[in-house]
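Colleague: Questions regarding the structure given below will be posed in turn.
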Amino acid sequence: MTHLNDRTLTSSGFYVSQEAPIHSDNPIATPTSPAPDILRCAYMELVVTDLAASREFYVDVLGLYVTEEDERTVYLRSTEEFIHHNLVLRQGDVAAVAAFSYRVRTPEDLDKAVAFYTELGCEVRREPGGFTKGIGDSVRVIDPLGFPYEFFYQTDHVERLSWRYDLHTPGELVRLDHFNQVTPDVPRAVKFMQDLGFRVTEDIQDDAGTVYAAWMRRKPTVHDTAMTGGDGPRMHHVAFATHEKHNILAICDKLGALRRSDAIERGPGRHGVSNAFYLYLRDPDGHRVEIYTQDYYTGDPDNPVVTWDVHDNQRRDWWGNPVVPSWYTEASLVLDLDGNPQPVVARTDDSEMEVTVGADGFSYTRRDDADGGGVQGFKLGATL
Ligand SMILES: [Fe+2]
């Protein structure tokens with residue numbers, strides 16, 4: 001469901017509105033307990049099946065910095081980070097995500113997190129010593145959407161390596177930028193995340209009101225996480241930022257030189273959504289990693305919400321390049337708080353891949369082409 005009445009068509013081809021034009025007809029009840037004040041996405045804990053292979057990919061190929069490691073776990077951070085880690089690689093039997101972790105503003109926000117999720121009937125665990133090294137008092141929950149979320153404030157500070165140019169590589173990953181989650185019912189997920197204090201910045205819909213994806217933020221960028229419509233709960237990708245586009249091209253060149261171009265799943269390219277330059281990689285377990293740069297500031301309270309037509313073939317790639325099917329269908333399992341994979345629920349709303357890939361006759365480069373019948377504005381998408 002959606003509210004499309006108050007939107008304005010821009011000269012760039014998408015719509016803007018003041019309120020997120022998304023309405024759930026199956027909402028999760030809003031808790032009376034206030035939400036914790038979330039600062040930003042902070043780290044992801046990934047379970048990997050071959051720790052040495054994953055370490056090689058993230059450290060030797062992508063250049064993340066090892067803060068600390070032992071035989072079963074590697075703690076990694078990006079160049080500008082001063083908290084202990086942005087990525088934990090933990091050896092395990094099943095490749096999956098153990099935690100999407102967010103930093104909160106104060107230690108007291110953890111009490112709020114406990115109350116907020118307890119009121120929702122969620123499983124909630126608090127670990128005063130932290131669930132991972134370098135992180136103090138933490139709360140982990142299985143949220144109403146089935147995702148393992150973590151909140152913390154206390155963390156060991158480590159050196160920010162921005163000035164250590166002697167260590168930098170041409171493809172330097174400077175920040176953790178965002179998560180991306182796969183969930184069957186995007187409006188339901190958006191409503192819940194709004195209750196948690198997130199604001200929608202962009203979304204993809206069709207004229208019938210089906211919502212295919214939405215991007216939401218706490219920090220003033222396009223997102224800290226996105227909800228992608230599909231079978232879930234699963235993890236679509238984790239994204240690290242570079243400073244410039246050429247850093248992403250350097251990563252592509254390096255993978256080519258290493259004869260590892262098969263790690264490149266999609267891109268490089270320019271997103272329509274977010275306006276960011278992007279590259280999608282798959283790690284040795286198939287976990288998807290995005291390299292991302294140059295989205296835009298969203299911190300004002302009246303920041304316009306951008307809505308893309310699902311049939312606009314520039315929404316996912318501004319140059320009109322097609323999205324590969326694996327990008328739509330494949331994603332990582334997520335774990336419950338005991339380490340077991342969460343069951344995956346099928347999406348029943350229309351699939352973005354089904355309505356846009358292939359000879360559906362509705363994807364356009366120029367909207368008039370789709371409206372006018374006859375010759376369609378297809379580019380490469382029609383050939384898949
Ligand atoms: Fe992304």
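The values are calculated or read from the model by the stated rules, or taken from the named source; none is laboratory data. Just so it is clear, the structure is predicted and the values come from calculations on it, not from any experiment. A quick note on method: Cβ atoms are made from the backbone with ideal geometry, for glycine too, and the neighbour counts reach across all protein chains shown. To get the accessible areas, we keep the full protein, side chains included, count just its heavy atoms, and leave off ligands, DNA and RNA. Shrake-Rupley method; radii C 1.70, N 1.55, O 1.52, S 1.80 Å.
Colleague: Look at ASP93 and say whether it is part of a helix (DSSP H, G or I), of a type in the set (Asp, Glu) and surrounded by fewer than 17 Cβ atoms within 10 Å (Cβ to Cβ).
Modeller: no
Colleague: Which condition does THR298 not pass, out of (1) touching a Pro at 6+ places or on another chain (Cβ under 6 Å); (2) within 16 Å of the ligand (Cβ to nearest atom); (3) within 21 Å of TYR212 (Cα to Cα), if it passes all the others?
Modeller: Evaluating THR298 over (1) touching a Pro at 6+ places or on another chain (Cβ under 6 Å); (2) within 16 Å of the ligand (Cβ to nearest atom); (3) within 21 Å of TYR212 (Cα to Cα) leaves (3) as the failure.
Colleague: Taking HIS223, is it touching a residue at least 12 places away in the same chain (Cβ under 8 Å) and either among the acidic types (Asp, Glu) or surrounded by fewer than 23 Cβ atoms within 10 Å (Cβ to Cβ) (or both)? Don't jump to the end; show me each part of the working.
Modeller: Values: touching a residue at least 12 places away in the same chain (Cβ under 8 Å): yes; either among the acidic types (Asp, Glu) or surrounded by fewer than 23 Cβ atoms within 10 Å (Cβ to Cβ) (or both): no.
No: the conditions fail for HIS223.
Colleague: Provide a single number: the residues in the stretch 194-227 that are within 16 Å of the ligand (Cβ to nearest atom), farther than 25 Å from VAL174 by Cα and of a type in the set (Val, Ile, Thr). Walk me through how you get there before you give the answer.
Modeller: Filtering the stretch 194-227 for residues within 16 Å of the ligand (Cβ to nearest atom) gives 198, 200-204, 212-219, 221-227.
Filter again for farther than 25 Å from VAL174 by Cα, leaving 203-204, 212-213.
Cutting the leftovers down to of a type in the set (Val, Ile, Thr) gives us 204.
Result for the stretch 194-227: 1.
Colleague: What's the number of the condition MET235 fails, among (1) closer than 30 Å to ARG367 by Cβ; (2) within 13 Å of the ligand (Cβ to nearest atom); (3) in a strand (DSSP E or B)?
Modeller: (1)
Colleague: Cβ contacts < 6 Å: first residue touching a residue at least 12 places away in the same chain (Cβ under 8 Å) and under 20 Å from ASP312 (Cα atoms), restricted to the stretch 269-286; second residue within 12 Å of the ligand (Cβ to nearest atom) and open to solvent by 20 Å² or more (accessible area, probe 1.4 Å), any location; separation 6+ or different chain. Result?
Modeller: SER274/ASP295; ASN275/ASP295; ALA276/ASP295; TYR278/GLY267
Colleague: Looking at the stretch 62-80, which of its residues are open to solvent by 10 Å² or more (accessible area, probe 1.4 Å) and either of a type in the set (A, V, I, L, M, F, W, C) or within 17 Å of ARG164 (Cα to Cα) (or both)?
Modeller: GLY63, TYR65, VAL66, THR67, ARG77, GLU80
Colleague: Tell me which residues, restricted to the stretch 24-74, are hydrophobic (A, V, I, L, M, F, W, C), within 20 Å of VAL97 (Cα to Cα) and part of a helix (DSSP H, G or I).
Modeller: Correct list: LEU51, ALA52, ALA53, PHE57, VAL59.
Colleague: Quick check on the stretch 256-291: of everything there that is among the acidic types (Asp, Glu) and away from the ligand (no atom under 12 Å from the Cβ), which residue is least open to solvent (accessible area, probe 1.4 Å)? Don't jump to the end; show me each part of the working.
Modeller: Taking the stretch 256-291 and keeping what is among the acidic types (Asp, Glu), we get 262, 265, 283, 285, 290.
When the remaining residues are screened for being away from the ligand (no atom under 12 Å from the Cβ), the result is 262, 265, 283, 285.
On the way: ASP262: 132, GLU265: 29, ASP283: 9, ASP285: 42 Å².
Selected residue: ASP283.
Colleague: Report yes if ASP185 is closer than 30 Å to ALA346 by Cβ and surrounded by fewer than 18 Cβ atoms within 10 Å (Cβ to Cβ), otherwise no. Talk me through it step by step, then tell me what you get.
Modeller: Working: closer than 30 Å to ALA346 by Cβ: yes; surrounded by fewer than 18 Cβ atoms within 10 Å (Cβ to Cβ): no.
Taking the combined requirement at face value, the residue does not satisfy it.
Colleague: Is there any pair with a first residue in the stretch 229-249 that is within 19 Å of VAL61 (Cβ to Cβ) and open to solvent by 10 Å² or more (accessible area, probe 1.4 Å) and a second that is more than 13 Å from the ligand (Cβ to nearest atom) and of a type in the set (A, V, I, L, M) whose Cβ atoms are under 7 Å apart and which are 6 or more apart or on different chains, and what are they?
Modeller: Hits for this filter: HIS243/VAL174.
Residue-wise test of (1) of a type in the set (Lys, Arg); (2) outside any loop (DSSP other than H, G, I, E, B).
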| position | (1), (2) |
| --- | --- |
| LEU161 | no, no |
| LEU167 | no, no |
| GLN181 | no, yes |
| ARG188 | yes, yes |
| LYS191 | yes, yes |
| GLN194 | no, yes |
| ALA208 | no, no |
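Colleague: Still on this structure: Mind checking whether some residue in the stretch 215-225 is more than 22 Å from ILE38 (Cβ to Cβ) and either part of a strand (DSSP E or B) or not hydrophobic (A, V, I, L, M, F, W, C) (or both)?
Modeller: From the stretch 215-225, those more than 22 Å from ILE38 (Cβ to Cβ) are none; that's our starting set.
The answer is no; no qualifying residue exists.
Colleague: Taking PHE100 as the residue in question, decide whether it is in contact (Cβ under 8 Å) with a residue 40 or more places away in the chain, open to solvent by less than 10 Å² (accessible area, probe 1.4 Å) and over 30 Å from SER162 (Cβ atoms). Break it down into steps so the answer makes sense when it comes.
Modeller: Values: in contact (Cβ under 8 Å) with a residue 40 or more places away in the chain: yes; open to solvent by less than 10 Å² (accessible area, probe 1.4 Å): yes; over 30 Å from SER162 (Cβ atoms): no.
For PHE100, the condition - in contact (Cβ under 8 Å) with a residue 40 or more places away in the chain, open to solvent by less than 10 Å² (accessible area, probe 1.4 Å) and over 30 Å from SER162 (Cβ atoms) - is not met.
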